[in-house]
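Novice: My questions will all concern the structure given below.
The values are calculated or read from the model by the stated rules, or taken from the named source; none is laboratory data. None of these values were measured; they are calculated from a predicted model. Glycine gets a Cβ as well: all are built from the backbone with ideal geometry, and neighbour counts include every protein chain shown. Just the protein is used for accessible areas: all its heavy atoms, side chains included, with ligands, DNA and RNA removed. Shrake-Rupley method; radii C 1.70, N 1.55, O 1.52, S 1.80 Å.
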Amino acid sequence: MLERLIFTAIIGYMLVVQIFNAKLIRPLIETKGRTWVYDQTVKSAWGLTLLIVALIFLFQVPPSKIGLTFSPEPGNEQAWQVFFLSCILVTVTLVFYLLVKTSSRLRGVLRPYYELDLEKLLLPRTKKEEQEWSAVSVTAGVTEEFIFRGVLLYTITLYIDGSNITLALIGGALFGIAHAYQGVRKFRSWSTIFRYGCLMAGHGLACTA
């Protein structure tokens with residue numbers, strides 16, 4: 001009971017912070033500056049992650065239950081299919097990132113899709129801010145993957161005994177809701193986030209199968 005209560009509180013806190021991200025970050029950037037916000041974001045994300053790791057040890061949660069395995073168990077064909085599909089997606093995403101990083105023409109084509117007021121305010125302007133932003137990007141990638149793919153799905157299983165597909169859909173939906181602060185203009189991006197969330201959730205389930 002205590003375990004379920006604590007993990008639910010942490011996931012709830014994470015979702016609330018993410019949903020109201022725009023309203024929380026804007027005044028902080030305007031008063032404290034981007035570098036301060038970047039630094040606090042990294043510290044808070046890793047702090048929350050370390051707290052969750054400590055709770056995992058405290059409640060003796062098997063690592064496999066939160067997706068902390070490299071690959072599915074041998075013989076589980078369905079799990080391996082999801083695993084390979086996830087690997088392909090990650091590879092494509094990495095290639096796309098490298099193309100955007102190295103092609104000014106591609107960045108110019110994509111720029112109109114990233115012109116929200118929050119993004120203009122949040123993205124780095126100086127070389128120092130760009131370095132700090134890199135740390136934020138890596139932190140978000142690692143900690144959100146751990147929390148939304150592993151801990152979130154584990155928390156859901158403390159309430160319901162659903163199928164893998166059901167858990168993946170719930171996890172993908174919550175991941176999309178958590179990023180809804182991007183605004184109505186990003187609706188098509190939400191659907192992409194939802195699908196990506198479902199696939200990542202499926203990958204987590206594959207590794208725990």
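Novice: Out of 82, 90, 95, which single residue is open to solvent by less than 80 Å² (accessible area, probe 1.4 Å), modelled with pLDDT of 80 or more and closer than 27 Å to residue 168 by Cβ?
Specialist: Just one listed residue meets the conditions, 95.
Novice: Sort out which residues of the range 98-108 are open to solvent by less than 80 Å² (accessible area, probe 1.4 Å) and assigned to a helix (DSSP H, G or I), and write them in order of number.
Specialist: Across the range 98-108, the qualifying residues are 100, 106, 108.
Novice: Step by step: first the residues of the range 30-63, then only those that are within 19 Å of the chain's Cα centre (by Cα) and among the polar types (S, T, N, Q), then the one that is nearest to residue 83 (Cα to Cα). Which residue is that?
Specialist: My answer is 49.
Novice: Are there any pairs with C-beta distances below 9 angstrom linking a residue in the range 138-159 that is in contact (Cβ under 8 Å) with a residue 12 or more places away in the chain and of a type in the set (Gly, Ala, Ser) to a residue that is buried (at least 19 other Cβ atoms within 10 Å of the Cβ) and in a loop (DSSP other than H, G, I, E, B), with the two at least 6 apart or on different chains, and if so which?
Specialist: As it stands, the answer is 150/67, since those pairs meet every condition given.
One line per residue, one yes/no per condition, for (1) in a helix (DSSP H, G or I); (2) among the aromatic types (Phe, Trp, Tyr); (3) at pLDDT 90 or above:
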position: 17; (1), (2), (3): yes, no, no
position: 23; (1), (2), (3): yes, no, no
position: 26; (1), (2), (3): yes, no, no
position: 36; (1), (2), (3): yes, yes, yes
position: 40; (1), (2), (3): yes, no, yes
position: 48; (1), (2), (3): yes, no, yes
position: 53; (1), (2), (3): yes, no, yes
position: 56; (1), (2), (3): yes, no, yes
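Novice: Please go through the range 18-36 and pick out each residue that is surrounded by fewer than 16 Cβ atoms within 10 Å (Cβ to Cβ) and on the phi < 0 side of the Ramachandran plot.
Specialist: Matches in the range 18-36: 19, 20, 23, 24, 26, 27, 28, 30, 31, 32, 36.
Novice: Another question, then. Residue by residue through the range 161-173, note down the ones that are in a loop (DSSP other than H, G, I, E, B) and in contact with a Ser or Thr (Cβ under 8 Å, 6 or more places away or on another chain).
Specialist: Within the range 161-173, no residue meets the criteria.
Novice: Does the range 71-78 contain any residue that is more than 22 Å from the chain's Cα centre (by Cα), in contact (Cβ under 8 Å) with a residue 12 or more places away in the chain and assigned to a helix (DSSP H, G or I)?
Specialist: Checked against the condition, which is being more than 22 Å from the chain's Cα centre (by Cα), in contact (Cβ under 8 Å) with a residue 12 or more places away in the chain and assigned to a helix (DSSP H, G or I), the range 71-78 yields at least one hit.
Novice: Could you go through the range 120-133 and let me know if any residue there is more than 19 Å from residue 13 (Cβ to Cβ), hydroxyl-bearing (Ser, Thr, Tyr) and modelled with pLDDT of 85 or more.
Specialist: Looking for residues that are more than 19 Å from residue 13 (Cβ to Cβ), hydroxyl-bearing (Ser, Thr, Tyr) and modelled with pLDDT of 85 or more, one finds at least one in the range 120-133, hence yes.
Novice: Scan the range 1-13 for residues that are open to solvent by 30 Å² or more (accessible area, probe 1.4 Å) and of a type in the set (A, V, I, L, M, F, W, C) and jot them down.
Specialist: Correct list: 1, 2, 5, 6, 9.
Novice: Here's a follow-up. So, in the range 136-153, exactly how many residues are open to solvent by 30 Å² or more (accessible area, probe 1.4 Å) and more than 25 Å from residue 124 (Cβ to Cβ)?
Specialist: Count: 1.
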